[in-house]
1. Considering each of HIS191, HIS196 in turn, give the residue that is under 16 Å from the mean Cα position of the chain (by Cα) and open to solvent by 10 Å² or more (accessible area, probe 1.4 Å).
2. Those residues that are of a type in the set (A, V, I, L, M, F, W, C), crowded, with 24+ Cβ neighbours inside 10 Å and closer than 15 Å to PHE243 by Cβ, I need them from the stretch 83-117; list them, please.
3. So if I check each of VAL235, VAL219, which one is open to solvent by 50 Å² or more (accessible area, probe 1.4 Å), among the β-branched types (Val, Ile, Thr) and assigned to a helix (DSSP H, G or I)?
4. Among all residue pairs at least 6 apart or on different chains, which show Cβ distances below 8 Å where the first residue, located in the stretch 42-65, is without any contact (Cβ under 8 Å) to a residue 24 or more places away in the chain and assigned to a loop (DSSP other than H, G, I, E, B) and the second is among the aliphatic types (A, V, I, L, M) and open to solvent by less than 30 Å² (accessible area, probe 1.4 Å)?
5. Given the residues VAL163, VAL206, which is the only one that is modelled with pLDDT under 95 and open to solvent by less than 10 Å² (accessible area, probe 1.4 Å)?
6. Checking the condition aliphatic (A, V, I, L, M), closer than 22 Å to VAL197 by Cβ and part of a helix (DSSP H, G or I), which residue from ALA31, ALA7 passes?
7. Within the stretch 50-67, can one find any residue that is among the small types (Gly, Ala, Ser), surrounded by 21 or more Cβ atoms within 10 Å (Cβ to Cβ) and closer than 18 Å to VAL210 by Cβ?
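The values are calculated or read from the model by the stated rules, or taken from the named source; none is laboratory data. These numbers were taken from a predicted model, which means no experiment stands behind them. No Cβ is skipped: glycine too gets one built from the backbone with ideal geometry, and neighbour counts run over all protein chains shown. In case anyone asks, the SASA skips ligands and DNA or RNA and just uses the protein heavy atoms, side chains included. Shrake-Rupley method; radii C 1.70, N 1.55, O 1.52, S 1.80 Å.
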Amino acid sequence: MGVLAGAEPFALPGTSGAGFLLCHGFTATPAGLRGWGEHLSAAGFAVRCPLLPGHGTRWPDLNRTTWQDWYGAVREELLALRAECDEVFVGGLSMGGTLTLALAQEFGSRIAGIVLVNPSVTRLSADAKLLPLLSRVVPSIPAIANDIAKPGETELAYPRTPVRAAASLARLWKQVRAGLPKVTQPVLLLHSRVDHVVEPENSRIVLAGVSSTDVTEVVLEKSFHVATQDYDADVIFSRSVEFAHALRAGQVGA
């Protein structure tokens, strides 16, 4: 089966010499970040948003992939964007935020700043502890997608959550949590006050763990988990541009 209509990766031109890599979430697709990407492109940033392996087709395909596959895809896109741009920023939603943190840990100052929207680094519910066992006997569980407060908005994501892939994501969380002190770049973290997918503790862990001295926290009052398609989308878009422009102008931390 081919890629679902609307789930395709996208690349948008820029005029400023700076680039922005966007990373989508677990079971989701670039469709949920397209509005964000278009806003960044209009502001002068070259934008890339890859479709992560196992996503955008059929949910069983995701069970055939691991976090190393997803990370490899965003890493490759980052290197390509760095070859084209004089400065690169990275942003992500949910697991996209996890991948963003992983890139920040590896690339250090070669990433100018990161934007995290409802990033995930753990899951506190009891079922999370059962993932390694469940992954051996159950192929999928009910979907986590489409947590949006705004009527009429629908996330293009899988109708089931592949358990083997979810267990791999949990292993990525553990590695990223351990590496949070390696994150030194300026951070813009936006998180929803009400999120039915990623518990608020995730943002607290990130904020407490990074070594960055320039950290901005923004609470999204009107949106649920998929905030890039929700009432606060414009807040995410505008604050991302302001954050990156300020960094390029040398204003953050001054």
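1. Just one listed residue meets the conditions, HIS191.
2. VAL88, PHE89, VAL90, ALA104, ILE114, VAL115, LEU116, VAL117 - these are the residues of the stretch 83-117 that are of a type in the set (A, V, I, L, M, F, W, C), crowded, with 24+ Cβ neighbours inside 10 Å and closer than 15 Å to PHE243 by Cβ.
3. Values: VAL219 fails: assigned to a helix (DSSP H, G or I).
The unique qualifying residue is VAL235.
4. Filtered contacts from the stretch 42-65: PRO53/ALA73.
5. Matching residue, one of VAL163, VAL206: VAL163.
6. Working: ALA7 fails: part of a helix (DSSP H, G or I).
ALA31 is the lone residue from the list that is aliphatic (A, V, I, L, M), closer than 22 Å to VAL197 by Cβ and part of a helix (DSSP H, G or I).
7. Applying the first criterion (among the small types (Gly, Ala, Ser)) to the stretch 50-67 yields 54, 56.
In the following step, the residues that additionally are surrounded by 21 or more Cβ atoms within 10 Å (Cβ to Cβ) were identified as 54, 56.
Narrowing further to those that are closer than 18 Å to VAL210 by Cβ: none.
No: the stretch 50-67 contains no residue that is among the small types (Gly, Ala, Ser), surrounded by 21 or more Cβ atoms within 10 Å (Cβ to Cβ) and closer than 18 Å to VAL210 by Cβ.
Each row is one residue, and each column tells you yes or no for (1) among the aromatic types (Phe, Trp, Tyr); (2) more than 20 Å from ALA11 (Cβ to Cβ).
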residue: TRP36; (1), (2): yes, no
residue: LEU40; (1), (2): no, no
residue: VAL47; (1), (2): no, no
residue: ASP61; (1), (2): no, yes
residue: THR65; (1), (2): no, yes
residue: LEU81; (1), (2): no, no
residue: PHE89; (1), (2): yes, no
residue: LEU93; (1), (2): no, no
residue: GLY108; (1), (2): no, yes
